[in-house]
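Participant: Mind having a look at this structure? Questions to follow.
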Amino acid sequence: MSLEVEGLEVAYGAVKVLHGVSLRVEPGEIVAVIGANGAGKTTLLRAISGLLRPSAGRIRLDGQEITGWPPERIVALGVIQIPERRQLFASMSVEDNLRLGAYLRLRRGERKAVEADLERVYALFPRLKERRRQTAGTLSGGEQQMLAIGRGLMACPRILLLDEPSLGLAPLLVQELFRIIADLRRQGLTLLLVEQNARQALRAADRAYVMEIGRIVREGPAAALLEDPAIQAAYLGGASPTLPGSHPSEVAAYARPARAAASGDASVGEHGDGRDHASR
Ligand SMILES: Nc1ncnc2c1ncn2[C@@H]1O[C@H](COP(=O)(O)OP(=O)(O)O)[C@@H](O)[C@H]1O
Ligand SMILES: [Mg+2]
């Protein structure tokens, strides 16, 4: 699914927070928005999801303007936001949290497809399968983040909006998370990734935007931004160390036939276009 944001302005009361933000995400891309705390990243995602109403600007999905639509209609199109504070149901089991992610689909009678997606999510996150009867509130921070993403995948997203997925995770879990993000993109999912962890986000993304106090101040291929001395100084804590090759885990069980993409029925499980992002 493609996303275009043009001249977006959002205010909280009298305080304008986004000052004409424009960006685009092409189908199958990972696009990162990096920026310091308070830059307006969450506000941007919430406006795209319809949770905040912009005072100016346009938002288009696959060319269709959705500016001002209520969040339920935007979700129904397949725009799924994974919020920064995970918003799980702490006293419910892992599996019930996952099923809740698919409640719109269950209402549409897609029970069989939902069951298949549950297995795909478990294939992607084996830890969740082991703990599927455990209540969400007793999971570790990293497991809760995996569950939040798994729940988003259960909604059969066409574009996933991830808000600071690595926040508060131990370094090893951050690595695992970004491997999963790369897997999802290889399977054809479109992702808009908001992060303060600029280095990881730029490594994972195809293109990126840099946001400062409600404005996009830079954009370009993520690899180029990663090498840019000004970006390194401001966001990467100095020069980038040489990176070891990555070892993407393959999650073949999660893949779906390519015809799903051709028919426009893009979903979590569909195949990507064969680009092996991790080997670049
Ligand atoms: N509900 C709110 N009411 C008023 N101001 C807010 C609200 N949410 C965020 N802000 C302000 O908007 C600015 C951008 O916040 P946010 O979008 O959360 O930034 P980021 O996600 O990049 O850290 C900040 O100055 C923040 O204080
Ligand atoms: Mg935020």
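The values are calculated or read from the model by the stated rules, or taken from the named source; none is laboratory data. Because the structure is a prediction, the values reported are computed rather than measured. Every residue, glycine among them, receives a Cβ derived from its backbone with ideal geometry; neighbour counts consider all protein chains shown.
Participant: Of the numbered conditions (1) assigned to a loop (DSSP other than H, G, I, E, B); (2) modelled with pLDDT of 95 or more, residue 156 satisfies every one except a single condition; which is it?
Facilitator: Looking at each condition in turn, residue 156 falls short on (2).
Participant: Further question on the same structure: So which residues in the stretch 1-33 are free of Cβ contacts under 8 Å to residues at least 24 places away in the same chain and not in a strand (DSSP E or B), if there are any at all?
Facilitator: 13, 14
Participant: Could you tell me whether residue 174 is within 16 Å of ligand 2 (Cβ to nearest atom) and at pLDDT 90 or above?
Facilitator: So residue 174 fails the test.
Participant: Something else about it: Out of the residues in the stretch 83-114 that are more than 16 Å from ligand 2 (Cβ to nearest atom) and of a type in the set (S, T, N, Q), which is nearest to residue 152 (Cα to Cα)?
Facilitator: 97
Participant: A follow-up question, please. Being in contact (Cβ under 8 Å) with a residue 40 or more places away in the chain and either exposed (fewer than 15 other Cβ atoms within 10 Å of the Cβ) or in a loop (DSSP other than H, G, I, E, B) (or both) is the filter here; which residues of the stretch 54-67 pass it?
Facilitator: Result: 54, 55, 62, 63.
Participant: How do the pairs read when you match residues in the stretch 68-90 that are among the acidic types (Asp, Glu) with residues anywhere that are surrounded by 14 or more Cβ atoms within 10 Å (Cβ to Cβ) and part of a loop (DSSP other than H, G, I, E, B), using Cβ under 9 Å and keeping only pairs 6 or more apart or on different chains?
Facilitator: Hits for this filter: 72/50; 84/164; 84/165; 84/167.
Participant: Report, by residue number, each residue of the stretch 159-179 that is part of a loop (DSSP other than H, G, I, E, B), in contact (Cβ under 8 Å) with a residue 60 or more places away in the chain and surrounded by fewer than 18 Cβ atoms within 10 Å (Cβ to Cβ).
Facilitator: Selection gives 167 alone.
Participant: Across the stretch 149-170, what is the number of residues that are within 16 Å of residue 128 (Cα to Cα) and either within 15 Å of ligand 2 (Cβ to nearest atom) or of a type in the set (A, V, I, L, M) (or both)?
Facilitator: The number of residues fulfilling the criteria is 3.
Participant: Another question about this same structure. Taking the conditions exactly as written (within 16 Å of ligand 2 (Cβ to nearest atom), surrounded by 22 or more Cβ atoms within 10 Å (Cβ to Cβ) and either outside the structural domain of residue 212 (by the TED database) or within 20 Å of the chain's Cα centre (by Cα) (or both)), does residue 35 satisfy them or not?
Facilitator: When the stated conditions are applied, residue 35 passes them.
Participant: Another question, if that's okay. Can you confirm whether residue 264 is outside the structural domain of residue 143 (by the TED database), at pLDDT below 90 and under 27 Å from residue 62 (Cα atoms)?
Facilitator: yes
Participant: Does the stretch 27-55 hold any residues that are aliphatic (A, V, I, L, M) and within 9 Å of ligand 1 (Cβ to nearest atom), and which are they?
Facilitator: Result: 33, 36, 39, 44, 45, 52.
Participant: Among the residues of the stretch 74-94, how many are over 17 Å from the mean Cα position of the chain (by Cα), surrounded by fewer than 20 Cβ atoms within 10 Å (Cβ to Cβ) and not in a loop (DSSP other than H, G, I, E, B)?
Facilitator: Residues meeting the conditions: 1.
Participant: Which numbered condition in (1) touching a Gly at 6+ places or on another chain (Cβ under 8 Å); (2) within 11 Å of ligand 1 (Cβ to nearest atom) is the only one that residue 66 fails?
Facilitator: (2)
The rows are residues; the columns are (1) touching a residue at least 24 places away in the same chain (Cβ under 8 Å); (2) surrounded by 23 or more Cβ atoms within 10 Å (Cβ to Cβ); (3) farther than 27 Å from residue 23 by Cβ; (4) in contact with a strand residue (DSSP E or B) (Cβ under 6 Å, 6 or more places away or on another chain).
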site: 101; (1), (2), (3), (4): yes, yes, no, no
site: 104; (1), (2), (3), (4): yes, no, no, no
site: 131; (1), (2), (3), (4): yes, no, yes, no
site: 192; (1), (2), (3), (4): yes, yes, no, yes
site: 202; (1), (2), (3), (4): yes, yes, no, yes
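Participant: Please verify whether residue 18 is under 18 Å from residue 189 (Cβ atoms), within 16 Å of ligand 2 (Cβ to nearest atom) and surrounded by 15 or more Cβ atoms within 10 Å (Cβ to Cβ), treating the condition exactly as stated.
Facilitator: No: the conditions fail for residue 18.
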